[in-house]
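Student: For reference, the structure I am asking about is given below.
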Amino acid sequence: MAIRGVVMAEGIMVRVLGDYGPFSRMGKSIGYLVTLGHSQYLLDCGTPLFQQIGGHGLKNIKGLIITHCHDDHKRWYSDLALFNMYAPDFTTKLFLLTSEQINEELKRASGPALERSLSLDGRRVMDISYETYIEHTLLGPKPKYRIARTEKDNGQTALFVEGPGRSPVGPERAKIVISSATGFARMLFCDPDSQEWVEPESFYSYSSDTFYEHEKNLFIDPEGFTIEAFTAPVWHGLPNIGLKFSNGKESLLFSSDTVHDIDLWKALTYEKRAMRHNLQKEEFETALVLYGDINDFIERAWSRQRYEEALHTFDSGIVIHDIASKKSVVHTDYSRLSRTKLIKERSILTHSPDMMTSEWVLSRTDKLFKVLGDELFEVVGEALYSLNADIYHKEAGRYYVGYKNPVGAFTVCEQGGLLSLHNGGGQGKELFRVDLYEDIGGRYFPKLDNDEEIYFERKDGQVERIRFSEKGSIGEIVACQRDRLSKRVS
C-alpha cells in the first residue's frame with residue numbers, strides 16, 4: 001500500500017542517475033542526486049548529466065562529491081567544470097567536496113581539458129589554473145605525513161617525506177617506494193605501536209590520529225545536515241572514500257566501490273607478511289628511497305582500529321552498496337553478501353550488471369528512493385511504497401520484481417551462490433516460484449510472455465498493453481498492480 005500525504009521535504013531523497021559500471025550498454029554509469037531539505041548534491045558524475053538533469057537543473061545543484069577517480073564515477077567532471085565557467089549567466093565555480101588525495105588526482109586527470117584555453121577575445125592562448133574552475137572543500141582529515149619535493153643545488157628534484165610542521169622525516173619512520181611498474185611514488189611508514197612497516201593510506205582509517213590530523217573535516221550544510229567521508233570499510237585499490245549523509249533523524253551511506261568481505265578484512269588485519277626484498281638490514285634501515293614493488297616491504301595491510309571501525313560503519317542508516325556477479329576482485333560478489341555486515345532490509349545494491357537476479361533491492365537508473373527514519377521507500381508520483389518484493393531482476397535494460405507464488409510461472413534457481421530466473425526449468429537448485437511484474441516508472445504490470453506484445457507509457461502517464469499482428473496493432477490501458485502487491489505500511 002502506498003503512503004500518501006507525506007511531506008516530500010522530509011527525510012533524505014536519492015535519485016539514481018546511473019547504476020551501471022564502466023561497461024554500461026546504456027551509457028549510464030555511476031551517479032546520484034541526493035536531496036536534503038532544499039539542498040541538492042551530486043554524488044559522482046559518471047552518467048550523462050546534461051541529458052538527465054539539463055543545464056538549468058545543474059545550476060541548482062549546490063555541489064559535487066567525487067568518491068574516486070575511475071571514469072565510471074568521474075567521466076563528466078571536466079565538462080561540469082567547463083560548464084560552470086562558460087555557461088551563460090552562470091559564473092560560480094564548481095563546488096567540489098572530496099578528500100585531499102582524490103582532489104589532487106582529479107587535478108592531474110583534468111589538466112589537458114582545463115589548463116589551457118583562448119582569451120575571451122580569441123586573440124591569445126591562456127594558461128588557466130585548476131583553482132579558477134574549482135572551489136575545493138576538504139572532506140576527511142589531512143595526512144600528517146606526505147611525499148614532498150625539493151630542488152637540489154644541481155637543479156634536480158629530490159623526494160622526501162614531510163611530517164608535522166613540514167619538517168623532514170627520517171628513514172627510521174618513513175620511506176618512499178618508487179614503483180618499478182608505474183614509476184609512481186608511494187609511502188612506506190613504520191607504525192609506532194607495532195613497529196611494522198605499512199602503507200599508511202591503507203593501514204589507517206580516517207579516525208586514526210597517528211597518521212591523520214585530528215580535524216576530520218565534516219561538511220555542514222547551511223541547512224544543518226552533515227556530509228562525512230569514511231574509509232574504514234572501503235577497499236578498492238585506488239584512493240576512495242565512502243560517504244554518510246545525515247540530518248539528525250536519517251542517515252544515508254554510500255559504501256562506494258569496494259570489496260566488503262569480513263573474511264578478507266580479517267586476513268588483511270591479522271596476517272603478518274614477511275618482507276621479500278633482498279636488501280641488507282643496514283641498507284634497508286638507512287634508505288630513504290627504495291625501488292621496486294611496495295608489497296615486498298609491507299608487513300601488514302590493515303590496522304586493528306580500521307578493522308573494528310569497518311565492522312560497525314553500517315550499523316545504522318540506509319546503505320547503497322556496489323555489487324558484482326562473481327570474481328570481480330574490486331567489488332562485493334553477490335554470493336558473499338552473507339559475509340558482510342550489511343542488512344538486507346536497509347540496503348540497495350547498485351553497480352549491478354544486466355541479467356542480475358537478487359533477493360536484495362536492486363537500484364535502477366531514474367529510480368527515486370526516500371529514507372524516513374530507519375526505513376527505505378520508493379517514491380512514485382506523490383506516493384511512497386515499501387520495497388517488499390521477493391526478488392528483483394534486471395534484463396536487457398528492463399527491471400522486474402517477483403512475488404512468491406507456489407504456482408507462479410517463473411522459477412528462481414541458485415547455483416554457486418548466484419540466483420537466476422527461468423520460465424520453466426533452470427540450472428541449479430530450485431528455490432521458489434514467483435509471479436513476475438515489469439516495473440515501469442515504479443508501477444508494476446504482469447510480465448508479458450511473448451514478443452508480439454509491449455507496454456507503452458503514454459504522455460498522460462497511463463500504460464497501454466499493445467498487441468501486434470499482421471493486421472496492425474491494438475492497445476488497451478492496463479491497471480498498475482503495485483497497490484495490490486505492496487504490504488501495508490503503518
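The values are calculated or read from the model by the stated rules, or taken from the named source; none is laboratory data. Note that the structure is predicted; figures quoted are calculated from it, not measured. As a convention, Cβ positions derive from the backbone with ideal geometry for all residues, glycine included, and neighbour counts pool all protein chains shown.
Student: Just to be sure before I move on: is D261 of a type in the set (D, E) and closer than 30 Å to E10 by Cβ in the structure I sent? It would help to see each step written out before you state the result.
Tutor: On the way: of a type in the set (D, E): yes; closer than 30 Å to E10 by Cβ: no.
Spelling it out, it is not the case that D261 is of a type in the set (D, E) and closer than 30 Å to E10 by Cβ.
Student: Being over 21 Å from the mean Cα position of the chain (by Cα) and either among the hydrophobic types (A, V, I, L, M, F, W, C) or in a strand (DSSP E or B) (or both) is true for just one of A232, A181. Which residue is that?
Tutor: On the way: A232 fails: over 21 Å from the mean Cα position of the chain (by Cα).
Answer to the check: A181.
Student: Follow-up question, since we're still on this one. Which is among the basic types (K, R) and over 25 Å from the mean Cα position of the chain (by Cα), of R116, R108? Spell out the reasoning first.
Tutor: On the way: R108 fails: over 25 Å from the mean Cα position of the chain (by Cα).
None of the others qualify; the one that does is R116.
Student: Quick one: how many residues across segment 180-205 are surrounded by 13 or more Cβ atoms within 10 Å (Cβ to Cβ) and out of contact with any strand residue (DSSP E or B) (no Cβ under 7 Å at 6 or more places or on another chain)? Let's see the steps before the verdict.
Tutor: Residues of segment 180-205 surrounded by 13 or more Cβ atoms within 10 Å (Cβ to Cβ): 185-191, 194, 196-205.
Pick out the ones that are also out of contact with any strand residue (DSSP E or B) (no Cβ under 7 Å at 6 or more places or on another chain) and you get 194, 196, 201-203, 205.
So the count comes out to 6.
Student: Do we have F50 as surrounded by fewer than 16 Cβ atoms within 10 Å (Cβ to Cβ) and hydrophobic (A, V, I, L, M, F, W, C) here? Spell out how you get there, then give the answer.
Tutor: Working: surrounded by fewer than 16 Cβ atoms within 10 Å (Cβ to Cβ): yes; hydrophobic (A, V, I, L, M, F, W, C): yes.
So F50 passes the test.
Student: Say whether the condition of being part of a strand (DSSP E or B) and in contact with a Cys (Cβ under 7 Å, 6 or more places away or on another chain) is met by at least one residue in segment 466-473.
Tutor: We begin by selecting, within segment 466-473, every residue part of a strand (DSSP E or B); these are 466-469, 472-473.
Restricting the remaining residues to those that are in contact with a Cys (Cβ under 7 Å, 6 or more places away or on another chain) gives none.
The answer is no; no qualifying residue exists.
Student: Can you name every residue in segment 268-283 that is free of Cβ contacts under 8 Å to residues at least 12 places away in the same chain and in a helix (DSSP H, G or I)?
Tutor: The answer is Y270, K281, E282, E283.
Student: Within segment 437-449, is even one residue loosely packed, with under 12 Cβ neighbours inside 10 Å, modelled with pLDDT under 95 and outside the structural domain of A324 (by TED's automatic domain parsing)? Give the steps one after another, and end with the answer.
Tutor: Our first condition is that a residue be loosely packed, with under 12 Cβ neighbours inside 10 Å; within segment 437-449, this holds for 449.
Cutting the leftovers down to modelled with pLDDT under 95 gives us 449.
Retained after the next criterion (residues that are outside the structural domain of A324 (by TED's automatic domain parsing)): 449.
Yes.
Student: Whether any residue in segment 212-233 is within 30 Å of V329 (Cα to Cα), in contact with a helix residue (DSSP H, G or I) (Cβ under 6 Å, 6 or more places away or on another chain) and not β-branched (V, I, T) is what I want to check. Full working, then the answer.
Tutor: At the first step, the residues of segment 212-233 found to be within 30 Å of V329 (Cα to Cα) are 212, 216, 227-233.
Next, only the ones that are in contact with a helix residue (DSSP H, G or I) (Cβ under 6 Å, 6 or more places away or on another chain) stay: 232-233.
Subset that is not β-branched (V, I, T): 232-233.
Among the residues of segment 212-233, at least one is within 30 Å of V329 (Cα to Cα), in contact with a helix residue (DSSP H, G or I) (Cβ under 6 Å, 6 or more places away or on another chain) and not β-branched (V, I, T), which makes the answer yes.
Student: Can you name the residue in segment 109-157 that is within 25 Å of K216 (Cβ to Cβ) and among the charged types (D, E, K, R) and is also surrounded by the fewest Cβ atoms within 10 Å (Cβ to Cβ) among such residues?
Tutor: The residue in question is E131.
Student: Still on this model: Kindly provide the set of residues from segment 387-412 that are in a strand (DSSP E or B), out of contact with any His (no Cβ under 7 Å at 6 or more places or on another chain) and buried (at least 17 other Cβ atoms within 10 Å of the Cβ), ordered by number. Break it down stepwise before answering.
Tutor: The first filter runs over segment 387-412 and keeps only residues in a strand (DSSP E or B), leaving 391-395, 398-404, 410-412.
After this cut, where a residue has to be out of contact with any His (no Cβ under 7 Å at 6 or more places or on another chain) as well, the list is 391-395, 398-399, 401, 403-404, 412.
Matches in segment 387-412: I391, Y392, H393, K394, Y399, V401, Y403, V412.
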